[in-house]
1. May I ask you to compute the full-extension gain from residue 182 to residue 138, defined as 0.36 nm times their residue separation minus their alpha-carbon distance, rounded to one decimal in nm?
2. Taking the Cβ of residue 229 as the center, what net charge do the other residues with Cβ under 11 Å away carry, scoring Lys and Arg +1 and Asp and Glu -1?
3. Tell me the mean residue ellipticity at 222 nm calculated for the chain from its helices only (DSSP H runs of n ≥ 4, each -39500 (n - 2.57), averaged over every residue, nearest 500).
4. As a quick test, which of the pairs 172/221; 102/172; 102/221; 175/208; 2/88 have an alpha carbon distance above 27 angstrom in this structure?
5. What label, among (1) 18.0, 57; (2) 17.1, 52; (3) 17.9, 52, belongs to Rg and Dmax of the Cα atoms in Å computed from the structure on display?
6. Can you tell which of 164, 133, 226 shows the greatest fluctuation in a Gaussian network model of the chain with Cα springs below 10 Å?
7. Take the chain, connect every pair of alpha-carbon atoms lying under 10 Å apart with a spring to form a Gaussian network, then pick out the residue of 25, 228, 99 with the largest mean-square fluctuation.
8. For residue 59, what residues show an amide H to amide H distance below 5 Å, using hydrogens built from the backbone and excluding near sequence neighbours?
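Bear in mind that the values in this text are calculations on the coordinates, not laboratory data. Predicted model, so just to flag it, every value in this text is computed and none were measured. We place every Cβ from the backbone using ideal geometry, glycine too, and count neighbours over all the protein chains shown.
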Amino acid sequence: MKKLVYLVDDEADIRTLVCATLQDYGFHTVAFGNGRDVRNAIRRQPPDLCIVDLGLPDMDGLSLVRELWEDVRFGVVILSGRGALSDKVLGLELGADDYIAKPFEPRELVARVKTVIRRRDQLLSTPAAGAAAVARFAGWAFDLGNLSLTDAAGRQETLSAAEAGLLLMLLKAPKRVLSREQLQTAQDDRDDGPFDRSIDVRISRIRKKIESDPRHPQLIKTVYGAGYLFAGDVEWSRPPG
């Protein structure tokens, strides 16, 4: 079955280019010119991935990204003419799985779309996820079946696929230092040259969800010059696979 990709962009030529390129690589694509229409389409049929331009005519694209990432059924990729590092960091901080700046190489866009979808599929189709594996640590329960975190009071936090993948790696190797290179390789992220902060941004987002004081983390420790370490004890309901 073809993967379904929604594209929301106010530029007709971009919509035509992206849709044609993705269709050539076997994706089913539907394009929208504004945020309202893509919202309505998602209610009817959620896609596997949604590509969002930040310069939409009827709403702020960043607000739409913030809204969409909370739906764990699909990935979110930003496609934008705002290519500054600060914009990329902000996009990831809001939960986007990836950020592609215009102008872009169509084949690179395809590769990144494939990576985000593959990452999500792997997380949701592993034996651990199928068996509803749950990792418990420091009063939290991390459910691989729906990529959610639940605290002792029942409050839930949702992770993006990229964040869930990072947390899973750390939880599978507690008390061990994992380098940024190891984490980057496991994320299937491509080399972005000067934009090498994606791991750090995602770690920061995870900390904001699980640490009592994210500025002084006790669970995910930074080992300067080496990488990150999960310092807590982890108990799995089933083997993590």
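1. 13.4 nm
2. Summing Lys and Arg as +1 and Asp and Glu as -1 gives +3.
3. -12000 deg cm²/dmol
4. On the way: 172/221 15 Å; 102/172 37 Å; 102/221 35 Å; 175/208 20 Å; 2/88 29 Å.
Table pairs above 27 Å Cα-Cα are 102/172; 102/221; 2/88.
5. Given (1) 18.0, 57; (2) 17.1, 52; (3) 17.9, 52, the structure-derived one carries the label (3).
6. It is 226.
7. Judging by the Gaussian network model, the answer is 25.
8. 35
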